[in-house]
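Asks: What follows is a single structure, and I will ask about it in a moment.
The values are calculated or read from the model by the stated rules, or taken from the named source; none is laboratory data. On a predicted model such as this, the values are computed, not experimentally measured, just so you know. Reconstructed Cβ throughout: ideal geometry from the backbone, glycine too, with neighbour counts over all protein chains shown. For the accessible areas, the whole protein counts, side chains as well, though only heavy atoms, and no ligand, DNA or RNA atoms are used. Shrake-Rupley method; radii C 1.70, N 1.55, O 1.52, S 1.80 Å.
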Amino acid sequence: MKICLFGGTFDPPHIGHLLIAQTIFESEHFDKLFFIPALNPPHKDSDAITPIEHRVNMLELAIKDNPHFEISDLEVKRGGVSYTIDTIQSIKKENGFGSDDLYFLLGSDTLKSFHKWKEPESILDECQVIVAVRPGFRPSDIPAWILSQIRFANLPRIEISATTIRERWRTDKTIRYMVTQPVWEYINKKNLYL
Ligand code: ATP
């Protein structure tokens, strides 16, 4: 089994997430890709994040038609702060995956603060980190010991972020085509991001 983990806040999940996940799934021939919504992302203000039930519901709506995608509720069930290294280690332990079979997908913006994550060296040892380049990325901002242990994936670059989507929604601009239609309907129905 060759598995890819894709952690994030997904507030909301958008087509940037879906498109890079699908592209990497295909090019790397993964057996499964797990979206892992973070309960309490260490680097984000928890008061400013949408409650986890909504984020999970939106993720379910976003990926429901894709048999290759699944949601892992590991960080939700574990509680506390959602550290990536804890997630990687428990997934490996539960499923008997080796470090070569387990991949972790992240966007290049997160690389800038990667050295401040919990046990960054262990993350790089325990799985294969694949990076999706986002607009504005400069490799010179990243320490060499990180650059030497990650791989950049050849993925479409999509200039879209959850922050932009929330901001647009709040200011009455359209977010059509930035999220899937069922996610759009959910945001509308539940009055999120106002
Ligand atoms: P926010 O704007 O709220 O910080 P985000 O759009 O970056 O959110 P997250 O849920 O924080 O979304 O991201 C989860 C992962 O997906 C991160 O590794 C992030 O870098 C990556 N990611 C998000 N959007 C894109 C994109 N358009 N292209 C490539 N990677 C992305």
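Asks: Can you name the helices (runs of 4 or more DSSP H) wholly within region 131-194 that have at least 2 residues being within 24 Å of Ser113 (Cβ to Cβ)?
Replies: Answer list for region 131-194: 144-147, 162-170.
Asks: Take Ile123 and tell me if it is of a type in the set (A, V, I, L, M), closer than 27 Å to His54 by Cβ and modelled with pLDDT of 95 or more.
Replies: For Ile123, the condition - of a type in the set (A, V, I, L, M), closer than 27 Å to His54 by Cβ and modelled with pLDDT of 95 or more - is not met.
Asks: Applying the selection to region 50-71, what residues are within 17 Å of Leu33 (Cβ to Cβ) and either among the acidic types (Asp, Glu) or without any contact (Cβ under 8 Å) to a residue 12 or more places away in the chain (or both)?
Replies: The answer is Glu60, Asp65, Pro67, Glu70.
Asks: For region 35-49, what are the residues that are in contact (Cβ under 8 Å) with a residue 40 or more places away in the chain and more than 10 Å from the ligand (Cβ to nearest atom)? Explain how you work it out, then say what you get.
Replies: We begin by selecting, within region 35-49, every residue in contact (Cβ under 8 Å) with a residue 40 or more places away in the chain; these are 36, 38-43, 49.
Selection gives Leu39, Asn40, Pro42.
Asks: Sort out which residues of region 29-41 are closer than 17 Å to Phe6 by Cβ and open to solvent by 30 Å² or more (accessible area, probe 1.4 Å), and write them in order of number.
Replies: His29, Asp31, Lys32, Phe34, Leu39
Asks: Exactly one of (1) of a type outside the set (Asp, Glu); (2) loosely packed, with under 15 Cβ neighbours inside 10 Å; (3) closer than 24 Å to Ile160 by Cβ is unmet by Gly96. Its number?
Replies: (3)
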